[in-house]
Amino acid sequence: MEQLDKFRELMRRDRVFDFMMPDQMPAVDVSHEVLLYVEGLTVSFDGFKALNDLNLYIDDGELRCLIGANGAGKTTLMDVITGKTQPDSGMAYFGQTHNLLNKNESDIATLGIGRKFQKPTVFEQHTVFENLELSLRMSKAILASIFYRMSSEQSDRIADVLDIIGLSKQSNQLAGALSHGQKQWLEIGMLLVSDPRLLLVDEPVAGMTPQETEHTAELLTSLAGERTVVVVEHDMAFVRSIAKKVTVLHQGFVLAEGNMDEIQNNPDVIEVYLGESQ
Amino acid sequence: MELSWSEYPKFKRVPKRTAFSKNLVTAIILIATWISGVSCVQASDQPPETSFKELVDKMPSTKLKNLSKVVTDLEQESDPRLLPLFESLVEGKLYYVKSDKTVIMLNQELDDGKAFRATQVLDQTTIEHIAKSDIKKIRVNNKLRKQLRKAIAKLTLFSEDSNQRLAAVEKLMSDLNSENITLLKSAKESEQNNAVLEKMNLALNIALLDSNDKSIQKQAVKTLSGELHPSVRSRLNVILEQDANGEYLEDDKQLIALAESALVKIDGKLEFYGFIERVFFGLSLGSVLLLAAIGLSITFGVMGVINMAHGELLMLGAYTTYVIQTLMPNHIGLSIIIAIPAAFVVCGLVGIAIERGIIQFLKGRPLETLLATFGLSLILQQAVRSIFSPLNRQVSTPEWMSGALQINPGLALTYNRLYIIIFSLIVFAVLLLVMKKTALGLYVRAVSQNRDMAKAVGIRSDWVDAMTFGLGSGIAGVAGVALSQLTNVGPNLGQAYIIDSFMVVVFGGVGNLWGTLVGAFSLGVVNKFLEPVTGAVLAQILVLVFIVLFIQKRPRGLFPQKGRSAE
Amino acid sequence: MAASFISSLLTTDTSRREGLLSSRGGNLFLIILFSVTVLASIGNQLFPPGSPLHVDTYTITLLGKYLSYALLAMAVDIVWGYCGILSLGHGAFFALGGYGMGMYLMRQIGDRGVYGDPVLPDFMVFLNWSELPWFWQGFDSFPFAMLMVLLIPGLLAFVFGWLAFRSRVTGVYLSIMTQALTYALMLAFFRNEMGFGGNNGLTDFKDILGYDLQNDNTRVSLFIITACVLGGVYLLSQFILSSKFGRVIEAVRDAENRVRFVGFKTENYKVWLFVYSAIIAAIAGALYVPQVGIINPGEFAPLNSIEVVVWVAVGGRGLLYGAVLGALLVNFAKTQFTGILPEAWLFALGALFVGVTIFLPRGIVGLLSSWKKSNGGNA
């Protein structure tokens, strides 16, 4: 039976094989104004439920903050959305049509979901410029890469981003030689040049100076509207400075959702999360 | 390059050893083997000299035609020396020394047949070296041989030793003339031992197949249906003989049908026991794989590095056995027992040296570690070649490990394989205990799950690495001791095992001892079942292909480590 | 620790790692390759034996053999140095290429074999085979044989790579898998039933494209062809690896997961790089066989494949000419060693493995470049 289903899947006329797909950015259907649907998501590791029947809806163009104690499931949620982890059950849709759970990391990235990791991961043996070049939104096919020549718009775009992230001077330096904060910036820059529809930003201000934090807050706020941004952060002051809507995760499910004031007055939240910090 | 799986079956088949229970006990209670090694020295008790001596002394001077009379007289004696005497005589190994007319039995040819080692018949002392020119054969003719065989049959059939009686019945089975049948029947009267009695019934039933009475024949076929003794099968085939046109020689259709169904039953049983035997071979191969892989599994699981010199540690273990055996050539059994801890210590120390000398400098660079340890394996191999010669060395198998456990005529399990299966399970159990119950085990598990965290709580991860490596290498050494009992000990011994061991670890799941156990035994059994169909080499290739495909489906093996730490 | 000192020099280096030295080194490599080829050929052809400038044919063949090894080393460097795929089974592709060429050369013997059979190679007559197996058909044609030399190893690399990379087998797992691959092929080719001459392999070749293989001119030509192929493959690989494709490949080496999140299908990149590298190894094998005159299953031995890795490590991985340098140096040392102290060679090779990995992680070229840089810094 399973075989038959697979065969049917293979023979579907409305699809073509992956390798025959035209190399272009797929359109995202946001006719219902929701960009990301996450429903009933459950992930368990050896009996421990990292996500427990989690539901989350992100509107198109929204800036959303996710907060929660360690182990609340923030990073696991991002892992599921970006294809790194397969959930035990539940669904995750990007727009109306794209099921994220049957796609791998690169497909999801191509759809327009960009991610900044908790621990900054850049290509340390490449220069800052090359890091950005690799992240450019363009065909990621092999032949295209071999015969790739950078267009002037693209180099302008990279120059712009270098300016935004303040690494113009370090453009030809190996990324491995950057400081921790600079790496954070570079990774944000890599997100920016990839021109994503949805940005998942995991702890962007860890290791940054107050000025840099402020700068980041400005940048993220300016991105919202045009793009959709989901920020995971521990720094409550930072969250307060950017957030319109906050979601609190606790032990793998959504504990509360609303604006910052509502959250701060929510008795459940006070008990399990904010209560501890005050 | 040696081919491990194809070359591996080098067991020494010594038929008809049945004292299994005694041997099993001696094996498990390891100390006892020492006693069994020593107790070989026999106390020589001298029976009072009687007419036996006179008769034997008479033999050199008796003419051939009168020898029969002497033999008849000897038959009346109940002397333990009688049986070897008769046996030597019938085999033409009874001689006398020309000078003093002492009767001797030849044991062994020396100097290309120009001399012999012999035993004196009367006082049973050994003569280490006697020239052929100094002795003369006591000749026998066919008639005498016949008389002797009968006498031997009688002697053994009524012997005190039930094993000897059993052997005698077995011997008679190939020659069931009326005289032997009478002998068997009379022996059966007084027989108490069930096993011997059973065999006697079997022999008598086989004899009934020759009966002229069809109904007796049919009855015999019915009783013998499903008997695994090879002579039953050949006798049934005689009944089913066909002429050139495919017509049965036998007229009685009913008898043919009975014989056919009996044969089918026998073949079915043989097939079943063949299956069991193959499983057994598979398990024994699996236990070798287990021993070879388990050390690798530990080091790979904890440190994430492949020690390509792991195979050479097996080889060192085997050579340790060889060295210890060379040091104490008269105590083969004991030397194996001593070799186990010795190999563990030697290889463990070498392992620690490897870890301290090479691997600790290559932390976080698993591919370089692989290369460096491979280089080390070349050095170790060449070192062994320089020290011991490139030729294979023979490690002897102690007596209690040779031979086979004869479960029935269709199934024999060789002792060396049996012991290695048991031994590998013991090693596995001990290792499991070490990992679960000792502080080292706790540290090792902590480091393998989260190295940084383990460091943070004060575990000296350097020390744990060295100890883990020592433990894994020591087990490789112990595996080498076991391997020395199965294959030739040579510088290339370990080379072939590294890939196989790695396959087992990958198949079972890294860092999981139970996975390694299941992986080793299932790969061993699968391989042994493929072998008769595809040939040894192709079987090995198929297993490799299978594993490559397997990790498509389960990249982390049968029993993966779960959780975020496994990322 | 010397090792960490060197690597720290490299990582804190502020300029692009393939700076001036690299391209200068690459040009130098091409110039040396060209001049050695021309000089050796002239020395062999124009100067009579006995002249101090004469290069004998034995040396020419030895050089040709070294150059095909260098090509193989380059193939390994492409996957290992640039993409972090440590293949311990590239000898398999080399040997398969060699067998393809060997089969062509075997068919060229015709009825000049010991048994004089016009179609069947000697070993088949010896095994009482009555007709040519299907997989030997067509190998009497040179273009077909060369097509197979490229196709079969390429296909094997594709299937293996597709299976391995798609299921994300990496690191030591992959290395051991590649070793198992070449080990399995070795076992298979040792079998007489496979139809590739079993133990003895293919040998007793007579001529190639009608030219006598024993002839000095043929040997010099083969040497020149090998040198040209090496240079050509170098240029092509340099082009590919310095493109954006190369930067993706290097990013895969350093942080494969991150590359996926940027949107590249890393497994496809790896598969095609692996196939490319396997084909280069196969070409090296096909060039090697007519020069040494034999191909047997021993070429599949895992040790051979690992030795290649050491050549690359000695020369300096991640730089194509580093691999070439390593192959030439180690093989030269091997020839010298096995001539003087045959038993000591394995000791030396083993020590080389250990020493290079611990003390020279970037190989000789890496040592030279950091030495040069630290000198430049002081001046």
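FYI, it's all coordinate maths here, none of it is from the lab. Since the structure is predicted, the reported quantities are computational estimates derived from the model, not experimental observations. Note that each Cβ is placed from the backbone with ideal geometry, even for glycine, and that neighbours are counted across all protein chains shown.
Could you point to the residue in B:446, B:293, B:221 farthest towards the positive end of chain B's charge dipole, with +1 and -1 charges on the Cβ of Lys/Arg and Asp/Glu respectively?
Farthest along the dipole direction, towards plus: B:446.
Any idea what the dipole of the protein assembly as shown comes to, in debye rounded to 20, about its Cα centre with Lys/Arg Cβ at +1 and Asp/Glu Cβ at -1?
Around 2620 debye, computed over the protein assembly as shown.
Tell me the relative contact order for the stretch C:23-367 as a rounded percent, counting alpha carbon contacts under 8 Å between residues six or more apart.
32
Output the relative contact order of chain A, whole-number percent, from Cα pairs under 8 angstrom with separation of 6+ residues.
The normalised contact order for chain A reaches 24 percent.
What size of dipole, in debye to the nearest 20, comes out for the stretch B:51-142 about its Cα centre when the only charges are +1 on Lys and Arg C-beta atoms and -1 on Asp and Glu C-beta atoms?
480
Choose one of B:72, B:474, B:372: the residue whose Cα lies farthest towards the positive end of the charge dipole of the protein assembly as shown (beta-carbon charges +1 Lys, Arg; -1 Asp, Glu; about the Cα centre).
The Cα lying farthest towards the positive end belongs to B:72.
Roughly how tilted is helix C:142-166, in degrees to the nearest 10 and between 0 and 90, from the longest Cα axis of chain C?
With rounding to tens, the tilt is 40 degrees.
Is the C-alpha gyration tensor of the stretch B:272-566 telling us rounded, prolate or oblate? Criteria: a/c under 1.5 is rounded; beyond that, a/b larger than b/c is prolate, otherwise oblate.
oblate
List every DSSP H helix in chain B whose Cα atoms extend 27 Å or more along the helix's own long axis and whose mean Kyte-Doolittle hydropathy is at least 0.5.
Working: long enough: B:253-303 (73 Å, 1.19); B:332-357 (36 Å, 2.01); B:366-388 (32 Å, 1.10); B:415-437 (32 Å, 1.73); B:461-484 (34 Å, 0.98); B:513-534 (31 Å, 1.03).
Membrane-span-like by this criterion, though nothing is claimed about a membrane: B:253-303, B:332-357, B:366-388, B:415-437, B:461-484, B:513-534.
May I ask which residue of A:177, A:209, A:154 lies farthest towards the positive end of the charge dipole of the stretch A:80-228, with charges of +1 (Lys, Arg) and -1 (Asp, Glu) on Cβ and the Cα centre as origin?
Of A:177, A:209, A:154, it is A:154.
Please compute the net charge surrounding residue A:95, taking Lys and Arg as +1 and Asp and Glu as -1 over other residues with Cβ under 15 Å from its Cβ.
With Lys, Arg at +1 and Asp, Glu at -1, the net is -4.
In 5 Å bins starting at 0, how do the alpha-carbon pair distances of the stretch C:132-249 split up by percent?
That works out to 2, 8, 9, 15, 18, 17, 15, 9, 5, 1, 0, in percent per bin.
Shape call for the protein assembly as shown from the C-alpha gyration tensor, a ≥ b ≥ c root eigenvalues: rounded (a/c under 1.5), prolate (a/b greater than b/c) or oblate?
Since a/c reaches 1.5 and a/b is larger than b/c, the shape of the protein assembly as shown is classed as prolate.
Can you list residues from other chains, or at least 5 along the same chain, whose modelled amide H is less than 5 Å from the amide H of residue A:51?
Sorted by chain and number, the residues that satisfy this are A:43.
Just for the Cα atoms in the stretch C:23-367, what are the lengths along the principal axes, largest first, rounded to whole Å?
62, 52, 39
Could I have the simple spin-label model distance between residue A:147 and residue C:225, label points 7 Å from Cα toward Cβ, reported in nm to one decimal?
Here the modelled spin labels are 3.0 nm apart.
For a quick check: sort C:250, A:124, A:153 by the number of other beta carbons within 10 angstrom, fewest at the front.
Fewest-to-most Cβ neighbours within 10 Å comes out as A:153, A:124, C:250.
Hey, what did the stretch B:272-566 get for relative contact order, percent, Cα under 8 Å, at least 6 apart?
So the answer I get is 38 percent.
Take the alpha carbon gyration tensor of the stretch B:51-142, find the square roots of its eigenvalues, order them as a ≥ b ≥ c, and report rounded if a/c is under 1.5; if not, report prolate when a/b exceeds b/c, else oblate.
Prolate, since a/c reaches 1.5 and a/b exceeds b/c.
What average number of partner chain Cβ atoms lie no more than 10 Å from the Cβ of the residues making up C:166-173? Intermediate results must be reported in sequence, preceding the final value.
On the way: counts 1, 8, 3, 5, 1, 5, 12, 10.
Taking the mean over all residues of the peptide, I get 6.
Return the FRET efficiency for the residue pair residue B:434, residue A:44: r is the Cβ-Cβ distance, R0 is 45 Å, and the value is rounded to the nearest 0.05.
FRET efficiency, residue B:434 to residue A:44: 0.90.
Order of A:89-101, C:207-219 by packing, highest average Cβ count within 10 Å first?
For the peptides A:89-101, C:207-219, the packing ranking is A:89-101, C:207-219.
Taking the alpha-carbon centroid of each part, what is the distance from the stretch C:185-257 to the stretch B:153-208 in angstrom?
73
For peptide C:245-255, how many partner chain Cβ atoms fall within 10 Å of a residue's Cβ, on average? If you can, show how the numbers build up before the last one.
On the way: counts 8, 2, 10, 8, 1, 5, 8, 1, 2, 8, 6.
Per-residue shielding by partner chains comes out at 5.
In Å and whole numbers, how far do the C-alpha atoms of chain B stretch along each principal axis, longest first?
94, 67, 41
Given a cut-off of 29 Å, name the pairs among A:245/B:455; A:74/A:183; A:103/C:244; A:74/C:265; A:169/B:455 whose C-alpha atoms lie farther apart than that in the structure shown.
Exceeds cut-off: A:245/B:455; A:169/B:455.
Please compute the Cα-Cα pair-distance distribution of chain A with 5 Å bins starting at 0, giving whole percents from short to long.
For chain A, the pair-distance distribution reads 1, 5, 11, 15, 17, 16, 14, 9, 6, 3, 2, 0, 0.
Given a Förster radius of 41 Å and the C-beta distance between residue C:329 and residue C:114 as r, what FRET efficiency does 1/(1 + (r/R0)^6) yield to the nearest 0.05?
0.55
Give the separation of the Cα centroids, the stretch A:161-206 to the stretch A:87-152, in Å.
Cα centroid to Cα centroid, the span is 15 Å.
Under a crude label model (7 Å from the Cα following the beta-carbon direction), how far is residue B:279 from residue C:126 in nanometres?
Computed distance between label sites residue B:279 and residue C:126 equals 4.5 nm.
Output the direction-averaged projected area (hull surface divided by four) of the convex hull of the alpha-carbon atoms of the stretch B:181-248, in nm².
For the stretch B:181-248, averaging the hull's shadow over all directions gives 5.5 nm².
Per residue of B:375-388, what is the mean number of Cβ atoms on other protein chains within 10 angstrom of that residue's Cβ?
5
Note down the nm distance, to one decimal, between modelled labels 7 Å out along Cα→Cβ at residue B:353 and at residue A:262.
7.2
Against the 2.2 N^0.38 Å scaling, with N counting residues, where does the stretch C:168-210 land? I'd like the Cα-based Rg ratio to two decimal places. Write down the numbers at each step before the final one.
Values: Rg = 15.8 Å, N = 43, 2.2 N^0.38 = 9.2 Å.
For the stretch C:168-210, the normalised Cα radius of gyration comes out at 1.72.
Set the bar at 26 Å for Cα to Cα. Now go through B:363/C:334; A:116/A:140; B:222/B:269 and name every pair that lies beyond it.
In this structure, B:363/C:334 lie more than 26 Å apart at Cα.
Place a +1 charge on the Cβ of each Lys and Arg in the stretch C:23-367 and a -1 charge on the Cβ of each Asp and Glu, then give the dipole magnitude about the Cα centre in debye, rounded to the nearest 20.
The dipole of the stretch C:23-367 has a size of about 1420 debye.
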